[in-house]
Amino acid sequence: MIRITVWNEYKHEREYENIRKIYPDGIHGCIASFLKNEEDFEVKTATFDMPEHGLTEDVLQETDVLIIWSHALQNEFSDTVAERVQRHVLSGMGLIALHSAHFSKIMKRLLGTSMTLKWRHGDKEKLWCISPSHPIAKGIPEMIELPQEEMYGEFFDIPKPDDVVFTGWFSGGEVFRSGCTFSRGMGKIFYFQPGHEEYPIYFKSEIQQIIINAVRFCAPLGEGRKKMKCEKVEI
Ligand code: ZN
């Protein structure tokens, strides 16, 4: 079994009627519900308002792949919890960061760059698969059309990725490294750009398949995660 924790800030869906209509159970609820259809996935959810954001040492010890979506509360996120997540990734936990979670404390700590990018509301995207032999691209068409999506454009200040699996094109002519993999310590990371909260992106079957593939890709190999000791080392 691959043990997955889907973490969401869960703020916009509660604050805005138009977003709640799209995601009545929250973005985490939507993502958890399609992941649960996979027989070998064990899925839990956690949100910002829970004690320690729901990402306690015990929860992370029992998580093979953590999926995060965040936006409005990035600065309020606990430094202690961000450090804890980083430590677990370094010891083998997979991490999938969605959309605006590029700017989370967790991603900034793990990747070490500013993570800044260009953005514009209310655009459309053509998401091109540019590494068709990559495991995350399995069963994914050459191009996915997203009639409504926020524009994210280069320059995206990330370290050089291991692989760029998807490139986004937007109507203003901007392009973006929309699906990138990184390795940190024993952990694998996938950053995936689509998923602005005002549009039903995570209901689209191809997008769901990419996230399912990414879970399998980022999951620790064999028994690696269970055997791995996750200790805090003083430097
Ligand atoms: Zn957005």
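Residue 42 passes all but one of (1) touching a helix residue (DSSP H, G or I) at 6+ places or on another chain (Cβ under 9 Å); (2) open to solvent by 70 Å² or more (accessible area, probe 1.4 Å); which number fails?
Unmet for residue 42, out of (1) touching a helix residue (DSSP H, G or I) at 6+ places or on another chain (Cβ under 9 Å); (2) open to solvent by 70 Å² or more (accessible area, probe 1.4 Å): (1).
Which of the residues spanning the range 52-86 are under 14 Å from residue 10 (Cα atoms) and not aliphatic (A, V, I, L, M)?
The answer is 53, 54, 69, 70, 71, 74, 76, 77.
With respect to residue 168, is the statement that it is farther than 23 Å from residue 86 by Cβ, open to solvent by less than 50 Å² (accessible area, probe 1.4 Å) and modelled with pLDDT of 95 or more true?
For residue 168, the condition - farther than 23 Å from residue 86 by Cβ, open to solvent by less than 50 Å² (accessible area, probe 1.4 Å) and modelled with pLDDT of 95 or more - is met.
Considering each residue of the range 4-27, count those that are free of Cβ contacts under 8 Å to residues at least 60 places away in the same chain and either closer than 30 Å to residue 188 by Cα or within 19 Å of the chain's Cα centre (by Cα) (or both), and give that number.
Qualifying residue count, the range 4-27: 3.
Right, residue 69: within 16 Å of the ligand (Cβ to nearest atom), in contact (Cβ under 8 Å) with a residue 12 or more places away in the chain and either more than 26 Å from residue 173 (Cα to Cα) or crowded, with 20+ Cβ neighbours inside 10 Å (or both) or not?
Criteria met by residue 69.
For the range 79-89, indicate whether the set of residues that are in contact (Cβ under 8 Å) with a residue 12 or more places away in the chain and touching a Gly at 6+ places or on another chain (Cβ under 8 Å) is non-empty.
Looking through the range 79-89, at least one residue is in contact (Cβ under 8 Å) with a residue 12 or more places away in the chain and touching a Gly at 6+ places or on another chain (Cβ under 8 Å).
Within the range 174-195, which residues are part of a loop (DSSP other than H, G, I, E, B) and open to solvent by 50 Å² or more (accessible area, probe 1.4 Å)?
Result: 185, 186.
Looking at the range 114-158, which of its residues are β-branched (Val, Ile, Thr) and touching a residue at least 40 places away in the same chain (Cβ under 8 Å)?
116, 136, 140, 144, 158
If I go through the range 92-125 residue by residue, how many of them are open to solvent by less than 10 Å² (accessible area, probe 1.4 Å), away from the ligand (no atom under 16 Å from the Cβ) and either at positive phi or modelled with pLDDT under 95 (or both)?
Result for the range 92-125: 1.
Might you check whether a residue that is farther than 28 Å from residue 29 by Cα, touching a Ser or Thr at 6+ places or on another chain (Cβ under 7 Å) and of a type in the set (Asp, Glu) occurs anywhere in the range 112-129?
no
The values are calculated or read from the model by the stated rules, or taken from the named source; none is laboratory data. Treat the numbers as computed from the prediction; the structure is a model and nothing was measured. Counting neighbours? That spans all protein chains shown, and the Cβs are built from the backbone with ideal geometry, glycine included. Note: areas computed on protein heavy atoms with side chains; ligands, DNA, RNA excluded. Shrake-Rupley method; radii C 1.70, N 1.55, O 1.52, S 1.80 Å.
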